[in-house]
Number of protein chains: 2
Amino acid sequence: MRLFAKVLRRGDFLGARIDTALPERQPLPRPDLRQIKIGVGPVAVFGASNFPLAFSTAGGDTASALAAGCSVVVKAHSGHMATADFVAQAIERAVEKSNMPNGVFNMIYGNGVGEPLVKHPLIQAVGFTGSLRGGRALCDMAAARPQPIPVFAEMSSINPMLMLPEALKNRGEKIAQDLADSVVLGCGQFCTNPGLILGIKSAEFTQLISNLTEIMGAKPAQTMLNAGTLKSYTAGLEHLTEHQGIKHLAGNTQKGNQAQPQLFKADVELLLAGDQLLQEEIFGPTTVIIEVEDKAQLIQALQSMNGQLTATLIADETDLTEFADVVPVLEEKAGRLLINGYPTGVEVCDAMVHGGPYPATSDARGTSVGTLAIDRYLRPVCYQNYPQSLLPEALKDSNPLQVLRLVNGEMTKEAI
Amino acid sequence: MRLFAKVLRRGDFLGARIDTALPERQPLPRPDLRQIKIGVGPVAVFGASNFPLAFSTAGGDTASALAAGCSVVVKAHSGHMATADFVAQAIERAVEKSNMPNGVFNMIYGNGVGEPLVKHPLIQAVGFTGSLRGGRALCDMAAARPQPIPVFAEMSSINPMLMLPEALKNRGEKIAQDLADSVVLGCGQFCTNPGLILGIKSAEFTQLISNLTEIMGAKPAQTMLNAGTLKSYTAGLEHLTEHQGIKHLAGNTQKGNQAQPQLFKADVELLLAGDQLLQEEIFGPTTVIIEVEDKAQLIQALQSMNGQLTATLIADETDLTEFADVVPVLEEKAGRLLINGYPTGVEVCDAMVHGGPYPATSDARGTSVGTLAIDRYLRPVCYQNYPQSLLPEALKDSNPLQVLRLVNGEMTKEAI
């Protein structure tokens, strides 16, 4: 919320553009044209099941919509309605304290309220974080409205990590340790959990698999956020276990009230053949390893993958030279590309992209984390020949807000 | 095309953002994060029926997609395939001359090719200019794909013009003349043709109607772009003529090979009741006048309208003071707001918005004319902890492209 307050003060989200009149131009004069972005209108936000305090009610979706000047209706996630209510009450108090209009923030609860919310004629956009099935259903609903509306749904990502040879040679043990920690972090309930580990056949990669098997097998069971999530996790594990081409490497049998960390190994042919199971996110502390023959097959495997939130290279200097041509493939597949990091930390800042090609999100042109998230809820308006008195502040000649503007093709904060 | 070349040189479309590493930050260090925008992938462009030379093959859709780094497949409009071919050949020569890769620009022809084009898995976005029915069909198709893709369809707008009292008093005759010229300009085949004229009951407005009736009645028949357009125009006029609440004021009976300019008057109650006929664009040299009781009814009438490309006030100084509260209503309804101009001139520049709420377009967050059009085909990518050698030029510390970047929250062209 504070970061968006900074964005508002900075004013660059307004995208102010001014083309001044050219009354003498031949063959036709140019009128005075000025553009800024305004909010699209009321936004429906679907609370995520994860991060009940940080993202669900008052996260990037709500903060960016409010910052864009849109009122918000949040549908509380059924997994933590009391937490959602506490956060909503805090927002309500802030609305009152800062004299914002009533109704700028609203929260609704219950099963079956999502559909009428998305279909309500006043709602102009939707933000969603959750499952592929849920997100796609909302997209289809929004597209079928008499007036279709945009949906930004952050849905499903398996966040491939590529383990390159030199790095494995130099620090294979540490990598196995850090990777396992990332997989079980927050009981694996990060949207950016590493769900697929790719490496090239070699003694070092075999060693990594063996290290990971040992470490993952020793990881304790963890408590998930709610019963629904545990049920989905159990079902996901069953699908992996039952699959012919997938081998279980480590982890206690899944039962009881906690999630057991698991490690699987799959045949690369499954990925190349487009097997859906390997493309689907299993929300929880589990991951799948795949061994490829060589760089050519690695690139083939990447190309056969769906869109992702993140894609990571674990690489040392010679790896980066030798595998530089992997980067353009990763750019096509993911919204955030990491080198020598683990995707589970999502920094809230200007440069963050928490988005990516379908099915990671429903629209790769947005992000739900970071200041660019505001763009999802803005639309441009152009004022032609408007007198100073009727222009928005950001477009007045004197530039009273001191925002950066594109004036006749030059970026400047100067008055006109 | 030249304007987009300027945008590319300026580099602000890249939206470069850098948050440098904070290794000492507590409780967790911040990694180095850098963001730019890249093309979404191949774009399908549907040629418009109007502006065969200026917009259809090499207009804002094609130019902005190419500028974004996307390859383009244009579907030639069936109304002017030879013209489309000539323009395409010119583009092909330019592609060859500038050593761009083969296949960066492609054109296809024929009936029934649009659907497989939109459904082709490699196509990542669609640009369309045409009818509401055609645009909506493409949107529905794109939304139903296994991987849904964004569509920017510029479809239907009746571009309301409000005639305010003081302006009519001071210069009613000139207004009638200019308005009639705008209605018949280009045989009424502008997307921004004034299709609805609103005024408050008064002697001056009655005089305007009488002047307009005389001038429009004397306007000669004009040749339309093609037979299909003339057929649609004839059908549109029939619907207006047959409607009980609509009166024909001027214009010769529509027949033969040319379009006869026409003037109609409709009851405000039709608009308030949401009659669809008054919301639909009739592409050609015709317009509908509506008289309202007072300002309150004027605002009600505006609120009952669909989204528009433009909304215009013809107003003198006292009008602007008295009717200032109409502006926020217009902002909600249209992408471009004019005062004392006619919407039929669409300037190609940075500040232009040729877009607007549905059904003017399928997504109010874009524009098909002006440099902001490029944003429709860009998506952000974030690089985390990437070494200088693998970063795109725009994100390297030294800023070799000299682009404006948001570095740790400050806009600057400085190197890091």
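The values are calculated or read from the model by the stated rules, or taken from the named source; none is laboratory data. All values derive from a computational prediction rather than experimental measurement. Don't worry about glycine lacking a Cβ; one is built from the backbone with ideal geometry, like all the others, and counts go over all protein chains shown. What goes into the accessible areas is simple: the full protein's heavy atoms, side chains included, and nothing from ligands, DNA or RNA. Shrake-Rupley method; radii C 1.70, N 1.55, O 1.52, S 1.80 Å.
Taking the accessible area of the protein assembly as shown, probe 1.4 Å, and keeping the other protein chains in place, the carbon and sulfur fraction comes to 54%. Take every pair of alpha-carbon atoms less than 8 Å apart whose residues are at least six positions apart; their mean separation over the length of the range B:160-339 yields a relative contact order of 29 percent. Distance from the C-alpha centroid of the range A:74-118 to that of the range A:121-151: 19 Å, rounded to the whole angstrom.
Restricting the range B:250-310 to GluC sites (Glu not before Pro) that sit in a DSSP loop and have at most 16 other Cβ atoms within 10 Å of their own Cβ leaves B:E293. Taken one residue at a time, the phi angles of the range A:69-79 give Karplus couplings (6.51, -1.76, 1.60, θ = phi - 60°) of x, 9, 7, 10, 10, 8, 8, 5, 6, 5, x Hz. Gly and Pro are set to x.
Taking the label point 7 Å along Cα→Cβ, A:A82 and its counterparts in the other copies are spaced 7.8 nm apart, in ascending order.
Here A:K219 is the anchor, and the lysines within straight C-alpha reach of less than 21 Å, apart from those fewer than 8 places off in the same chain, are A:K174, A:K231, A:K247, A:K255, A:K265.
Cβ-Cβ distance of A:N102 and B:H120, R₀ of 35 Å, FRET efficiency by 1/(1 + (r/R0)^6): the value works out to about 0.10. With both residues required to sit in the range A:160-339, DSSP beta bridges show an antiparallel share near 20%. Remark: label point of A:D316 defined 7 Å out from Cα along the Cα-Cβ vector; separations to the same position in other copies 8.3 nm, ascending. Candidate cross-link partners of B:K119 among the lysines, defined by an alpha-carbon separation under 17 Å and a same-chain spacing of 8 or more, comprise B:K75.
Over chain A, calculate the relative contact order: mean separation of alpha carbon pairs under 8 Å at least 6 apart, over the residue count, as a percent. Present the calculation step by step, with values, prior to reporting the outcome.
Working: 866 pairs, mean separation 84.4, N = 416.
Across chain A, relative contact order equals 20 percent.
Label point of A:A203 set 7 angstrom out along Cα-Cβ; within the range A:312-328, no amide nitrogen lies under 16 Å from it. Against the main long axis of the alpha-carbon atoms of chain A, helix A:203-218 sits at an angle near 80°.
How much accessible area per residue does the protein assembly as shown have, counting only protein heavy atoms and a probe of 1.4 Å, in square angstrom?
Numbers: 33310 Å² over 832 residues.
Result: 40 Å² per residue.
Taking Cα atoms only, the orientation of helix B:81-97 departs from the longest principal axis of chain B by about 20 degrees.
Considering only B:Q26, B:Q222, B:Q297, the mean-square fluctuation computed in a Gaussian network model of chain B, springs between alpha carbons under 10 angstrom, is largest for B:Q26.
Compute a Gaussian network model of chain A, connecting alpha carbons closer than 10 Å, and tell me which residue from A:K97, A:K231, A:K295 fluctuates the most. Answer for the Gaussian network model of chain A: A:K97.
Checking every one of the trypsin sites (Lys or Arg not before Pro) in the range B:1-55 against DSSP loop status and a limit of 15 other Cβ atoms within 10 Å picks out B:R25. Annotation for B:T234 and A:Q276: the two label points, set 7 Å from Cα along the Cα-Cβ direction, are 5.0 nm apart. Given in Å, the Rg to one decimal and the Dmax to the nearest whole number for the Cα atoms of the range A:38-137 are 12.6, 39. Chain B holds its axis-closest Cβ, relative to the rotation onto A, at the residue and whole-Å distance B:A143, 2. Model label points for B:E24 and B:A5, set 7 angstrom from Cα along the Cα-to-Cβ axis, are 5.0 nm apart. Charge dipole (Cα centre; +1 on Lys/Arg Cβ, -1 on Asp/Glu Cβ; no other charges) of the protein assembly as shown amounts to roughly 40 debye. Treating each Cα of the protein assembly as shown as one equal point scatterer and applying the Debye formula with no solvent, the log10 of I(q)/I(0) at q = 0.04, 0.07, 0.11 Å⁻¹ comes out as -0.19, -0.56, -1.28. For chain A, the spread of Cα positions along the three principal axes, ordered from largest to smallest, is 74, 50, 37 Å.
Looking at the calculated P(r) for the range B:310-416, what percent of the C-alpha pair distances fall above 17 Å?
On the way: 3907 of 5671 pairs.
Here the long-distance tail beyond 17 Å is 69 percent of all Cα pairs in the range B:310-416.
Ascending distances from the A:N226 label point to its copies in the other chains, with the point 7 Å along the Cα-to-beta-carbon line: 5.4 nm.
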